[in-house]
Amino acid sequence: MRTYHIAWWNLENLFDEENAVALGRRTDKVFRAIKNDIAGWTPQLRDRKIDQLASVIAAMNTGHGPDLLGVCEVENRFVVDRLVEKVNATLPAPRSYAVVHADTGDARGIDVAFIYDDTLLQVPLPLQESVFFHVVMRRNATREIVQVNFKTTTAAARTWAVFGNHWPSRSGGQFESEGYREIAGETLSFFHQRVLEVHGPQTPVLAMGDFNDEPFDTSLVRHALSTRQRAKVTNARENPLLWNLMWPIAGLPDGSFYFDNQPNMLDQFLVNKNMATGDALIKADAATAQILKPPAMVDPGDYPKPIPYGGMGDPVNQNGFSDHFPITMTVTEVE
């Protein structure tokens, strides 16, 4: 049996330095969209934020770092690579981390990426048959859903489809913007079904991300076809249902993100039937799904919310991290 430590984290505006256009790492179009917010964002502030994030990531998996980490709100491949370098410098023994980065069409230039140990998981070549960026159709550009068809490095070399999600925000109002997240839910559900059609009905699928909705919201229940009921998923014959592992936490006075001091369970793990049955070959360990709340990240006030790093127009707290807590879980594979 092989165990994988999985994590997801919204890194809160991990942007490159203000001068990134001159360095060829930011387009003029993105700079025009964020130039007021990025003013004063020095390499030193960027690197301090990376140090803070890396300290949390390296502590995951009892100090060995995650085997697979999905992240969002990263501007470019440069900052992701710099983060990986810092994580490895912090670990007692460096990991063989590789990166899949989606340079998406988001109006603010923020992307989704996967960091994974390539001794455990591989992305088969050619990449165009293993990595896909699915556009979420809306008038204003938003992040694509990133799909990677990993191959495990066990003797069985199983295909494992993983989707990274950063759905449209609640900016402008939760209900006014919910239609965009419903479109994202339909997009995820469509490509989940395509995975089963192309790679076979036994293919395990994991969707993780910042969905900007709670597990009980319409976008996740009606459109992404996720549910709190494991039996609904395992008994499904045709519909590509997903079991939402974070639903139990949504009933607690806790959350991965706080708005107006109220907890929201926006960051979630969803798995399909082939990761939910008792005899699954790649199986989600549902009881391990949790919000990771390192003490240094928790606001000591009345509300146990994460301590943000800030920037992008907000005051910078160099002892902060992100406005989201990471979430983690374990997955086991039969060797």
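Worth a mention:
Residue-wise test of (1) more than 22 Å from residue 69 (Cβ to Cβ); (2) among the small types (Gly, Ala, Ser); (3) crowded, with 18+ Cβ neighbours inside 10 Å; (4) within 19 Å of the chain's Cα centre (by Cα).
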| site | (1), (2), (3), (4) |
| --- | --- |
| 210 | no, no, yes, yes |
| 214 | yes, no, yes, yes |
| 222 | yes, no, no, no |
| 226 | no, yes, yes, yes |
| 245 | no, no, yes, yes |
| 261 | yes, no, no, no |
| 265 | no, no, yes, yes |
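Per-residue answers, yes or no, for (1) in contact with a helix residue (DSSP H, G or I) (Cβ under 7 Å, 6 or more places away or on another chain); (2) surrounded by 15 or more Cβ atoms within 10 Å (Cβ to Cβ):
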{"residue": "148", "(1), (2)": "no, yes"}
{"residue": "156", "(1), (2)": "no, no"}
{"residue": "164", "(1), (2)": "no, yes"}
{"residue": "170", "(1), (2)": "no, yes"}
{"residue": "177", "(1), (2)": "no, yes"}
{"residue": "189", "(1), (2)": "yes, yes"}
{"residue": "192", "(1), (2)": "no, yes"}
{"residue": "197", "(1), (2)": "no, no"}
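- Residue-level check: of (1) hydrophobic (A, V, I, L, M, F, W, C); (2) over 21 Å from residue 160 (Cα atoms); (3) within 19 Å of the chain's Cα centre (by Cα), residue 275 misses just (2).
- Conditions (1) surrounded by 19 or more Cβ atoms within 10 Å (Cβ to Cβ); (2) in contact with a strand residue (DSSP E or B) (Cβ under 6 Å, 6 or more places away or on another chain); (3) among the small types (Gly, Ala, Ser): number failed by residue 184: (2)
- Filter pass, residue 306 being under 28 Å from residue 171 (Cα atoms) and either of a type outside the set (Gly, Ala, Ser) or in contact (Cβ under 8 Å) with a residue 40 or more places away in the chain (or both): yes
- Residues of the stretch 247-259 that turn out to be surrounded by fewer than 17 Cβ atoms within 10 Å (Cβ to Cβ) and of a type in the set (Gly, Ala, Ser), as a count: 1
- Checking every residue in the stretch 298-318 against the condition of being among the basic types (Lys, Arg) and surrounded by fewer than 21 Cβ atoms within 10 Å (Cβ to Cβ) gives zero matches.
- Test: residue in the stretch 272-288 that is within 18 Å of residue 71 (Cα to Cα) and either surrounded by 16 or more Cβ atoms within 10 Å (Cβ to Cβ) or at pLDDT 95 or above (or both): no
- Residues located in the stretch 1-44, provided they are part of a helix (DSSP H, G or I), touching a residue at least 24 places away in the same chain (Cβ under 8 Å) and surrounded by fewer than 18 Cβ atoms within 10 Å (Cβ to Cβ): 33, 36, 37, 43
- Any hit, the stretch 78-92, residues being within 26 Å of residue 189 (Cα to Cα), at pLDDT 95 or above and under 16 Å from the mean Cα position of the chain (by Cα): no
- A single entry from 43, 66 fulfils the requirement of being closer than 24 Å to residue 207 by Cβ and at pLDDT 95 or above: 66.
- Unique match (being aliphatic (A, V, I, L, M), modelled with pLDDT under 95 and in contact with a Phe, Trp or Tyr (Cβ under 6 Å, 6 or more places away or on another chain)) among 21, 30: 21
- Where helices (runs of 4 or more DSSP H) sit wholly within the stretch 161-257, those with at least 2 residues that are within 26 Å of residue 122 (Cβ to Cβ) occupy 178-199.
The values are calculated or read from the model by the stated rules, or taken from the named source; none is laboratory data. Owing to the predicted nature of the structure, the values given are computational and were not obtained by experimental measurement. Cβ atoms come from the backbone with ideal geometry, glycine included; neighbour counts cover every protein chain shown.
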